Amino acid sequence: MALYQDQQLKVTNSLSGKKETFVPLNSPNVGMYVCGPTVYSDVHLGNCRTFISFDMIYRYLSHLGYKVRYVRNITDAGHLENDADEGEDKIAKKARLEQLEPMEIVQRYTVDFRNIMSSFNALPPSIEPTATGHIVEQIAMIEEIMDKGLAYEVKGSVYFDVNKYNKETHYGILSGRNIEELISGTRDLDGQSEKRSPIDFALWKKASPMHIMRWPSPWSVGFPGWHLECSVMSSKYLGQEFDIHGGGMDLKFPHHECEIAQNHAANGKHAVKYWLHTNMLTLNGQRMSKSTGNTVLPGELFTGNNKLLVKGFAPSVVRFFMMQAHYSSMLDFSNDALLAAEKGYFRLMDALKNLDKITPAQSSNFDVTAWRQKCYDAMNDDFNSPILIAHIFDAVKAINAATDGKQQFNKQDLALLKETLSGFVFDILGLANTAETNSDSKKLDAAMNVLIAMRNRARNDKNWALSDAIRDELLANGIVLKDGKDGTTYSVE
Ligand code: AMP
Ligand code: ZN
């Protein structure tokens, strides 16, 4: 029996604002689409948080036994500097500034993005389609929307008719906005805009002579509007109706609202069953964002080359830091928060190492089966990773107590504990055991082995003053020595 038949997953659907039981449209298949990066500059840690959250969601769905098709696009054209269909294309602008081909920019930042994701141990999506690879399909969807009378052409550009759509279908169901509010919120363009209404959005834009990223279409040589690619690529690879659509909260409006309208206009269906939105990573209380420059880059974090950081942090420590918050809660980045996460992460890795050293007892005094179900309950409750981590640390305490002889596990429980911990820590939270490879930690291990050997020599020589001094001074520095039947181990508290 597949795990998903035993475990009842609930997800918070941004469309209803409620926690809903997760029932895939075509179980055991699950279709999940996540808006990917616009590849015109380095991804910052905020972007990474969103993609790492969806990686954890993808991992848990797969762990439950679902056959997940995970589509995450690469935006390599059509994303203008301004949400109101104005300004230069972000990629074309970078290409102009750096005197490179737009596709050189796209290539560089796509490769960087993939490398960063893999350093965070994020699994690659099943399909990673690009906007420029789907121009033909985007033109076809515009034609479908025009056939339904919900888009119009002006001077070679095509716009979505929001007012007309709203008469038939409510525009604003995801973001909770209504069009009167939206119209009064847009600035007066003094009749300069070719749009019938300021809230209409572009499906196709005629390229100005300066615009280098351009394709032929029935209306003009131009380029697709940003929102269109996601409607097109999600329906192409997941069908007109699919299970999960994700992205950061900042994409709810206008991007996801426009996607909903485009899909419904083209085929009369609300494409997405569950909308999931991740919350923002903040720095000094402000959203991390490329446009304000309030960012930390992953590379700076790994090397410690940033004035906010006292040192570098391993990618798994950063991932652990992120997993300590629920994906839908804000999370503030700071050096202190990372130091605390690092302590917790090493404590966890130490406990996992010690787990192999526990000798099974005749009976258990820790209910591993009940504990395991609590871990699942946490994840079934809208992927509640912080609660899961709290349960994992109950097991850490029990493991540490067992190495001190204060807790015992029988053979069966010990095997179940190992299997469950490895499943949740490595497969679902996606942490890598970098404690083994982290050079600082290797050095610490080596130094500790020297100190433990010196202490053993002192004890053999009955030099209690020296052996106690080694233990006490280490303790004063947060390192605890534990004497067990199999020798002395240490942990960093
Ligand atoms: P972009 O490349 O700007 O389209 O952003 C890629 C993804 O990162 C989107 O899903 C955004 O919602 C998300 N994102 C941007 N800033 C942050 C942040 N500070 N915290 C979390 N996610 C973010
Ligand atoms: Zn998108």
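Only the coordinates and a few stated rules stand behind these numbers; no lab work does. No experiment lies behind these values; they were computed from the predicted model shown. As a convention, Cβ positions derive from the backbone with ideal geometry for all residues, glycine included, and neighbour counts pool all protein chains shown.
Quick look at the numbers
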quantity: Semi-axis lengths, Å, segment 329-459, gyration tensor of Cα atoms, sqrt of 5 times eigenvalues; calculated: 26, 23, 11
quantity: Among the listed pairs Lys10/Lys411; Lys206/Lys236; Lys357/Lys411; Lys357/Lys482; Lys10/Lys374; Lys353/Lys406, those beyond 23 Å (Cα-Cα); calculated: Lys10/Lys411; Lys206/Lys236
quantity: Point-to-point label distance, Asp394-Ser184, nm (Cα→Cβ direction, 7 Å offset); calculated: 5.1 nm
quantity: Net +/- balance of residues flanking Ala207 in space, Cβ distance below 11 Å, scoring K and R +1, D and E -1; calculated: +2
quantity: Beta bridges by DSSP in the chain, antiparallel share as percent, to the nearest 5; calculated: 55 percent
quantity: Helix-only mean residue ellipticity at 222 nm for the chain, each DSSP H run of n ≥ 4 adding -39500 (n - 2.57), per residue, nearest 500; calculated: -14000 deg cm²/dmol
quantity: Length added when fully stretched, Ala2-Gln286, from 0.36 nm per residue minus Cα-Cα; calculated: 98.0 nm
quantity: Gyration tensor (alpha-carbon) shape descriptor, segment 3-278, a/c threshold 1.5; calculated: oblate
quantity: Among Ile135, Ile116, Ser197 the positive-end extreme of the charge dipole of segment 3-278 (Cβ point charges); calculated: Ile116
quantity: Selection from Gly247, Gln8, Pro37, by position along the positive dipole direction of the chain (Cβ); calculated: Gln8
quantity: Alpha-carbon centroids, segment 450-493 and segment 353-407: separation in whole Å; calculated: 27 Å
quantity: Net charge of neighbours whose Cβ lies under 15 Å from the Cβ of Asn335, counting Lys and Arg as +1 and Asp and Glu as -1; calculated: -1
quantity: Hits among aspartates and glutamates - C-alpha to C-alpha of Lys19 under 12 Å, sequence gap 8 or more where chains match; calculated: Asp381, Asp382
quantity: Amide hydrogen neighbours beyond the local backbone of Trp204, cut-off 5 Å, H modeled; calculated: Val158, Gly225
quantity: Peptide ranges 253-266, 135-148, 295-308 listed from the most packed, as the mean C-beta count within 10 angstrom indicates; calculated: 253-266, 135-148, 295-308
quantity: Candidates per chymotrypsin sites (Phe, Trp or Tyr not before Pro) in segment 169-231, loop by DSSP, up to 11 other Cβ within 10 Å; calculated: none
quantity: DSSP H segments from the chain that extend 20 Å or more along their own axis, Cα-based, with Kyte-Doolittle mean of 0.5 or above; calculated: 385-403
quantity: Dipole of the chain [Lys/Arg +1, Asp/Glu -1 at C-beta], most positive-end residue of Asn82, Val318, Tyr171; calculated: Val318
quantity: Centre separation in Å (Cα based) which lies between segment 1-52 and segment 217-256; calculated: 17 Å
quantity: Asn335/Lys155 FRET efficiency (R0 56 Å; Cβ-Cβ; nearest 0.05); calculated: 0.60
quantity: Nearest-0.05 FRET efficiency for Asp461 and Thr21, computed from C-beta distance (R0 51 Å); calculated: 0.15
quantity: Size of charge dipole - the chain - debye, nearest 20, with Cβ of Lys, Arg +1 and Asp, Glu -1, no other charges; calculated: 1100 debye
quantity: Order of Trp464, Trp275 - criterion: other Cβ atoms within 10 Å of each residue's Cβ, fewest first; calculated: Trp464, Trp275
quantity: In nm, spacing of pseudo-spin labels at Ser422 and His170 (7 Å Cα→C-beta vector); calculated: 5.0 nm
quantity: Scattering profile of the chain at q = 0.07, 0.10, 0.13 Å⁻¹ [log10 I(q)/I(0), Debye over alpha-carbon scatterers]; calculated: -0.46, -0.83, -1.23
quantity: Charged-residue dipole, Cβ positions (Lys, Arg, Asp, Glu), segment 282-428 about Cα centre, Debye nearest 20; calculated: 360 debye
quantity: Fewest-first ranking of Leu150, Leu228, using other Cβ atoms within 10 Å as the exposure measure; calculated: Leu150, Leu228
